[in-house]
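Participant: Dumping the structure here so I can ask a few things about it.
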Amino acid sequence: MFLNSCPNIADTVRDTGPWKIFTTYPDGSRQFKDLISVNGMKTTDGFPFGSAFCSFLLRHRFGNSQVFFDEGLLTPLHHHNFIELGYVAEGQLKQHIAGRDYLFNQGEMFLINKDITHGEYLYRKNMMILYLNISNAFFDKSMNHRDLVGREGEDFVRHFMIDKNQEYCFVRFVPRGGEAPSRIPDLFEEIRAELRKPEAGGSHIVIGLVERLLSFLPSEYALFVEPNSRRAAGERSFEQLRRYLEDHHPDVTIGDLIAAFGHNRDYFNRLIKRHTGMTYSAFLRSIRLDKAVLLLKTTGLPVEEVALRVGYETPGYFYKIFRGRFNRNPGTVRNSESAGPEL
């Protein structure tokens, strides 16, 4: 859960249960520790705090916490190797998924694919979101797909959840409407109740309820798939990274990038290499030197001060790399008629 790792969230004011249902690694990835879990969060109009809960299947535990947060906070970006199926029970949810923002309305559901980076925005409005987390083991060991209600339900589960399809970022489920109300909300509540107060046979009941919920999705909701265009997603990711480096170029570190984007060191090197042909170090150096040229041409700052402002504390090293790129000394650039950093 975001409660243990999110900046700008105050100390927990109430904690009645364990929260470690995930192992979260430095690159933002999460590994699931149970077969099935339900977790959720609820915020209230005008109040700077929200509550969150989680419940477990095999571990038979339930926890609840209440935390303060800043208005509009984006929870830490993360990705995981399990299925996350979300349901907007009340209000609206704004999500940041694969570099873009999306809004989900009350009654809608969403299925975020594995290894897709995402996070939630928190606002002081009435909102309640329920998440059903399903591990790979659920499909491998516990689910008899032939028991699914109808061929449509079986095809849906196989295509979007079992085959590890990489063609989509997420699937949005919009209620079809009609005379009969959806059974999905009641199933969520039944699963949550069984997990919260486990009794004999409860694990089998929960597994059956999850199977039933999944089988109902394609018949009760219209599906809208957000494609996972690797090229488009890569371009958006690179542009976000470039802007971040330009904004933080004097003192940015790999650790800052990991915290901001939720990926590991190798990811940034691969992304930059694919789009520029340069290593991370060379790309950052290029940004810093371009900023240095701009300062030299638009200010009267001494060269040593320019070097400091773009991230170099040693003037001698700054002179060396500046000459290496532009074949000129920094001082001569100030008097140049060239208007840009592309010397």
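Participant: Taking the conditions exactly as written (assigned to a helix (DSSP H, G or I), at pLDDT 85 or above and buried (at least 17 other Cβ atoms within 10 Å of the Cβ)), does residue 237 satisfy them or not?
Facilitator: When the stated conditions are applied, residue 237 does not pass them.
Participant: Also: Somewhere in region 56-73, is a residue without any contact (Cβ under 8 Å) to a residue 40 or more places away in the chain and not in a strand (DSSP E or B)?
Facilitator: Yes, the conditions are met somewhere in region 56-73.
Rundown of residues vs (1) among the polar types (S, T, N, Q); (2) closer than 25 Å to residue 57 by Cα; (3) modelled with pLDDT of 85 or more; (4) in the same structural domain as residue 109 (by TED's automatic domain parsing), yes/no style:
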| position | (1), (2), (3), (4) |
| --- | --- |
| 194 | no, yes, yes, yes |
| 197 | no, yes, no, yes |
| 203 | yes, yes, yes, yes |
| 206 | no, yes, yes, yes |
| 210 | no, yes, yes, yes |
| 213 | no, yes, yes, yes |
| 216 | no, yes, no, yes |
| 222 | no, no, yes, yes |
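Participant: Could you tell me whether any residue of region 14-37 is at pLDDT 80 or above, of a type outside the set (Ser, Thr, Tyr) and assigned to a strand (DSSP E or B)?
Facilitator: Checked region 14-37: at least one residue is at pLDDT 80 or above, of a type outside the set (Ser, Thr, Tyr) and assigned to a strand (DSSP E or B).
Participant: Here's another thing I want to ask about it. Can you tell me which residue is surrounded by the fewest Cβ atoms within 10 Å (Cβ to Cβ) among those in region 111-132 that are in a strand (DSSP E or B) and of a type in the set (Ser, Thr, Tyr)?
Facilitator: Looking at the filtered set, the residue picked out is 121.
The values are calculated or read from the model by the stated rules, or taken from the named source; none is laboratory data. Quick caveat: nothing in here was measured; it's all calculated off a predicted structure. For neighbour counting, all protein chains shown are included, and Cβ atoms are generated from backbone atoms with ideal geometry for every residue, glycine included.
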